[in-house]
Structures are given as structure tokens and as C-alpha cells.
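First the structure, in the form of C-alpha cells, and then the observations on it.
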Amino acid sequence: MEKNNQKRKLVYYLEAFFFLLCSVLTLYELGRDFLSKVEWIKLLKDSVWLVLAVIVTVGSFWRAKDVGTSEDDDKRDRYLTMKVDQQVYRITKVLLFMIGFGLFASGMILSKSVGYNEQVVVIIIISAVLVGLWNLLLLIEFILGLYNYLRK
């Protein structure tokens, strides 16, 4: 397990170094743009990228420092994370189903009352995408269940 922790720590430190380099380059570009008086929208864009790069850098560094500690190896935390992920998955499935079919029904009702205009078509397309995602989740759940059944 020690070798695995060393590999994970090395990967996190390399990730932190990469994003630190990105942060420095973005800070350089932001300073150069500020001194050459470019548009404020470009300054805002560079500032957002700088903040994101710094956040990812700090997060990667903290994850690297956490590898191999008691907080990292706690089985109860992994169990709770698994249970929370399962609950979020169930909620996502229900929301996709309800919102998708709700939008589809409202699109059909609107199409009968006002005809097919751009808003109705957009509502129906969004509902089709949501229902398609719901079907994809069900298909993935079925495939994983079948795989686990046949594996045993």
C-alpha cells in the first residue's frame, strides 16, 4: 500500500506543479494585459482563469499532503461517500424523469394552444435530451447490474 500512496502523492504533486505553472503564466498574461490597457472583458477572463488555476493548485497540494494519513484511509468515510453518491444518483434519476416528462407534457400542451413556434420546439428538444439522459442512466444501471450478476 505504501508504493500506491507514493504514486498517488507524486501524481498530486505533479498536478499541483502543473497548475502552479499555469497560474504563474496566467498571472504574467494578466499583468501584461493590464499594462497594455486591453479591454476589461479580457482582464476579467484572465482573472477568472487565474482564480480557477490557483484553486486547483491549492486543492491538488492539499490532496497530496492528505495521502497516506488516517483521514485518507478511513473506511467509514469511503462508505459514507458511497452511500451519498447512491442517493444523489437516485435523486438525479427522479429529477431527470420528472423534469423531462414535465417539459414534454407542457410542450405538447403549448403546441396545441399556440402552435409550433421556436419556444415550443426548444422546450420539446430540452425535454427529449433530459429523457434521453434518464434512459442512458437506466441503461448503464442495467448493464452494471448484469455485469455484477454474471461476474459472481
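What follows draws every value from the coordinates through simple rules; no lab data is involved. Because the structure is a prediction, the values reported are computed rather than measured. Cβ coordinates were reconstructed from backbone atoms using ideal geometry, including for glycine residues, and neighbour counts include every protein chain displayed.
Distance cut-off 23 Å, Cα to Cα: go down the list 42/65; 45/65; 7/75; 93/152 and report the pairs above it.
As for pairs spanning more than 23 Å Cα to Cα, those are 42/65; 45/65; 93/152.
What size of dipole, in debye to the nearest 20, comes out for the chain about its Cα centre when the only charges are +1 on Lys and Arg C-beta atoms and -1 on Asp and Glu C-beta atoms?
440
Do any chymotrypsin sites (Phe, Trp or Tyr not before Pro) in the stretch 90-152 lie in a loop, going by DSSP, with at most 16 other beta-carbon atoms within 10 Å of their beta carbon, and if so which?
Those that pass, being in a loop and sparsely packed, are 116.
Just want the ordering: 32, 76, from fewest to most Cβ atoms lying within 10 Å of their own Cβ.
Ranked by crowding around the Cβ, least crowded first: 76, 32.
For a protection proxy built on the mean count of beta-carbon atoms within 10 angstrom, sort 33-41, 54-62 highest first, please.
Going by the mean number of other Cβ atoms within 10 Å, highest first, we get 54-62, 33-41.
Enumerate the lysines that residue 112 could reach by cross-link, defined here as Cα to Cα under 22 Å, with residues fewer than 8 away along the same chain left out.
Answer for residue 112, where 22 Å is the Cα cut-off: none of the lysines qualify.
Tell me the label-point distance for the pair residue 106, residue 45, using the 7 Å Cα-to-Cβ offset, in nm and rounded to one decimal.
Each label point lies 7 Å from its Cα, and together they span 3.4 nm.
Work out the length of the dipole vector of the stretch 75-151 about its Cα centre, built from +1 on the beta-carbon of each Lys and Arg and -1 on the beta-carbon of each Asp and Glu, and round it to the nearest 20 debye.
Rounded to the nearest 20 debye, it is 440 debye.
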